[in-house]
1. How large, in percent, is the carbon and sulfur part of the accessible surface of the range 112-168 at a probe radius of 1.4 Å?
2. For the pair GLU101 and ALA153, what calculated FRET efficiency results from E = 1/(1 + (r/R0)^6), where r is the Cβ-Cβ distance and R0 = 25 Å, to the nearest 0.05?
3. Sorted by mean Cβ packing within 10 Å, highest first, what order do the peptides 71-81, 140-150 take?
4. Compute the distance in nm between two label points, each set 7 Å from the Cα along the Cα-to-Cβ direction, one at ALA72 and one at ARG58.
5. May I ask you to compute the full-extension gain from ALA144 to ASP108, defined as 0.36 nm times their residue separation minus their alpha-carbon distance, rounded to one decimal in nm?
6. Quick check on packing: order 93-100, 43-50 by the mean number of other C-beta atoms within 10 Å, highest mean leading.
Amino acid sequence: MNGTNDDEVFDGGGFDDSGFDGGGFDGGPDGDEFADALLEEELRQAAAILDPVPAQLRQLAVEAFALHDLEARVAELTFDSVVHALPVRGATDTPRMLTFEAGGVTVDVELTGHGLMGQVLPPQSARIEVLGGPHGGAPLTADAMGRFTSEDAPAGPFALKLRTGEGVIVTDWLTA
């Protein structure tokens, strides 16, 4: 073959591989991070297609995250008119009355189809959030008498998060 020896033809063609570690994407710390990120994204996409997270579970996760304030006190439900009140014959569209208590703070809430209103006792000003999914309601402000109102009635699971002078209080979760 052209007067050359086969060993001479296949000598690597003068390629100097002394600086090459053969790692490709795995070579070096940047390659490892890139490969890991790429693999993670591919696995995330496969899981989303083959085993998607149910919408209800995603909603519960979002709502659970809303309670991430570790210093918040949980206000327990002490009265719910759906459970404790005597039904009145012929009454329709009656408001739902709720009472929550945390330490020395009481929160009375009235739910109707037209919104909610309530009062913080003892009377004090407070900032209130209606928690209920990824897009919570507009922040509410309780006046000096502790009264607050919202024209948006909560739909589905909800809780109230109050910031008072005494700290943060989060109510139990309820379904409207």
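The values are calculated or read from the model by the stated rules, or taken from the named source; none is laboratory data. Here the structure is a predicted model, which means the values were calculated and not measured. Counting neighbours? That spans all protein chains shown, and the Cβs are built from the backbone with ideal geometry, glycine included. The protein model used for the area step is the full one, side chains on, heavy atoms only, and it has no ligands, DNA or RNA in it. Shrake-Rupley method; radii C 1.70, N 1.55, O 1.52, S 1.80 Å.
1. On the way: 1660 of 3010 Å².
Looking at the range 112-168 in its full context, I get 55 percent from C and S.
2. On the way: r = 23 Å, r/R0 = 0.92.
It comes out at approximately 0.60.
3. Details: 71-81: 14.3, 140-150: 15.9.
The densest-packed peptide leads the list: 140-150, 71-81.
4. 2.2
5. Working: separation 36, 0.36 × 36 = 12.96 nm, distance 1.53 nm.
Between ALA144 and ASP108, full extension yields 11.4 nm more.
6. Numbers: 93-100: 16.2, 43-50: 9.5.
By packing density, highest mean first, the sequence is 93-100, 43-50.
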